Amino acid sequence: MTTAFAHRWIGSRGSHRTCSRSFHLTRHRFCRCPATMSEQWVPPAKIEDLYHAMSGNKWSINRPTAGPRAEKDLPRGEAALQLYSFATPNGRKVSILLEELGVDYDAHYISIMDSDQFNSGFVGANPNSKIPAMIDHDFADGKPLALMESCAIMLHLCEKYNQFLPTDPRLRAECQQWLFWQAAGQGPITGNFGHFMVYAPPGASAARDYGVARYGMDTQRLLDVLERHLAGYGDFQGGSDMRGEGARKYLVGDQYTVADMACYPWVAMLIGTSYDREGQARSFDFLSVEKYSNVMSWADRLKERPQVQRGCTVCSGGKGKPWLESAN
């Protein structure tokens, strides 16, 4: 499949012109225009055009939507702890801890190549459709607790069995810093390096198309995870249907928490102009962010808070707290 787009290039003073040549997405996305001009990659107007031209990822499982794709229940063993995983580094983190704890648990293989993570049962345990997932059938309130995110599972297990998490406040804080460093830095960066080292197309321009298509679609999927959750889907007890209470005002317990504070800035990057570049479609339009209506309402709710507004300006423009310095 080929998709033709007019190639645009930017003049020395930022003026936009159109090259007489057109090109095909599957062949190349860069074109050398006059010597006084620089090469510039320009995406199509919508990510779907780019994604279809790139024919998906290696296993063709990337989609911009969350939720189940097939109806299939999760297997259930006899132990209180049910682990659903695959032997990637994130899966191994949890299984190593379980072995170190020496507790009884059942492990169930999830074939990510066969899209098992998109079956309804797995989505009920983990609406993000990523391994590992766990269901604790021995939670304190007597109801099953569905857990997603490997580090969250590890923290739950450490606290449940009171092991491998320091009780000394200083050491506990240090331990948590490294845990979050791993989740936010080491894992994503190392994983992305490995992906492009092994799976990305060898050509430089093709790799650029591939990277934007891959991570753009995954960004849409993550937005849809937030959208479905805020719309009221899922109960974190193993169900993926709409809850009786309907839409959520905030992410956790219908109250404003640190979870909202952590997630908002990344959504704000897409709504604002931080990821925009002159001469190409806005990221907001490219990813069709406006269609995630519950996410947009949630973001609007948060950005009205004075504390959020101030927090977003801290250490900007070369100032620590700009609102204090402007008042002097």
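The values are calculated or read from the model by the stated rules, or taken from the named source; none is laboratory data. Since the model is a prediction, treat every value here as computed from it, not as a measurement. Note that each Cβ is placed from the backbone with ideal geometry, even for glycine, and that neighbours are counted across all protein chains shown.
Here's the yes/no breakdown for (1) modelled with pLDDT of 90 or more; (2) under 18 Å from Gln237 (Cβ atoms); (3) touching a helix residue (DSSP H, G or I) at 6+ places or on another chain (Cβ under 6 Å); (4) surrounded by fewer than 17 Cβ atoms within 10 Å (Cβ to Cβ):
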| residue | (1), (2), (3), (4) |
| --- | --- |
| Asp49 | no, no, no, yes |
| Asn62 | no, no, yes, no |
| Thr65 | no, no, yes, yes |
| Arg69 | yes, no, yes, yes |
| Arg76 | yes, yes, no, yes |
| Ala80 | yes, yes, no, yes |
| Ala87 | no, no, no, yes |
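Would you confirm, using the coordinates I've provided, whether Asp209 is over 25 Å from Ile271 (Cα atoms) and among the charged types (D, E, K, R)? Talk me through it step by step, then tell me what you get.
Details: over 25 Å from Ile271 (Cα atoms): no; among the charged types (D, E, K, R): yes.
When the stated conditions are applied, Asp209 does not pass them.
Which condition breaks for Ala183 when tested against (1) more than 18 Å from the chain's Cα centre (by Cα); (2) in contact (Cβ under 8 Å) with a residue 12 or more places away in the chain; (3) farther than 25 Å from Ser288 by Cβ?
Result: Ala183 passes all but (1).
Kindly evaluate Ala87 against the criterion of being farther than 18 Å from Arg221 by Cβ and either in a helix (DSSP H, G or I) or under 22 Å from the mean Cα position of the chain (by Cα) (or both).
On the way: farther than 18 Å from Arg221 by Cβ: yes; either in a helix (DSSP H, G or I) or under 22 Å from the mean Cα position of the chain (by Cα) (or both): yes.
Here the answer is yes, as Ala87 does meet what is asked.
Determine whether segment 141-150 contains at least one residue that is more than 14 Å from Asn90 (Cβ to Cβ), without any contact (Cβ under 8 Å) to a residue 40 or more places away in the chain and surrounded by 14 or more Cβ atoms within 10 Å (Cβ to Cβ). Reasoning before the result, please.
We begin by selecting, within segment 141-150, every residue more than 14 Å from Asn90 (Cβ to Cβ); these are 141-146.
Remaining after also requiring without any contact (Cβ under 8 Å) to a residue 40 or more places away in the chain: 141-142.
From the residues that got through so far, the ones that are surrounded by 14 or more Cβ atoms within 10 Å (Cβ to Cβ) too are none.
No.
Hey, can you tell me all the residues within segment 280-296 that are of a type outside the set (D, E, K, R) and surrounded by fewer than 13 Cβ atoms within 10 Å (Cβ to Cβ)? Don't jump to the end; show me each part of the working.
Let us first name the residues in segment 280-296 that are of a type outside the set (D, E, K, R), namely 280-281, 283-284, 286-289, 292-296.
The one that is of a type outside the set (D, E, K, R) and surrounded by fewer than 13 Cβ atoms within 10 Å (Cβ to Cβ): Ser293.
Of His7, His24, His16, which residue is at pLDDT below 75, surrounded by 14 or more Cβ atoms within 10 Å (Cβ to Cβ) and not assigned by the TED database to the domain that holds Ser283?
None of the others qualify; the one that does is His7.
Checking the structure you have, find out if any residue of segment 283-292 is under 30 Å from Glu48 (Cα atoms), touching a strand residue (DSSP E or B) at 6+ places or on another chain (Cβ under 9 Å) and among the acidic types (Asp, Glu).
Let us first name the residues in segment 283-292 that are under 30 Å from Glu48 (Cα atoms), namely 283-292.
Next, from what is left, pick out any that are touching a strand residue (DSSP E or B) at 6+ places or on another chain (Cβ under 9 Å): none.
For segment 283-292, residues under 30 Å from Glu48 (Cα atoms), touching a strand residue (DSSP E or B) at 6+ places or on another chain (Cβ under 9 Å) and among the acidic types (Asp, Glu): absent.
Going by the structure shown, is Pro127 in contact with a His (Cβ under 7 Å, 6 or more places away or on another chain) and of a type outside the set (Phe, Trp, Tyr)? Can you show your working first?
On the way: in contact with a His (Cβ under 7 Å, 6 or more places away or on another chain): yes; of a type outside the set (Phe, Trp, Tyr): yes.
The answer is yes for Pro127.
Tell me, which helices (runs of 4 or more DSSP H) wholly within segment 223-328 include 2 or more residues that are in contact with a Gly (Cβ under 7 Å, 6 or more places away or on another chain)?
Values: elements: 258-271, 283-286, 293-303, 306-311, 322-327.
Passing ranges: none, list empty.
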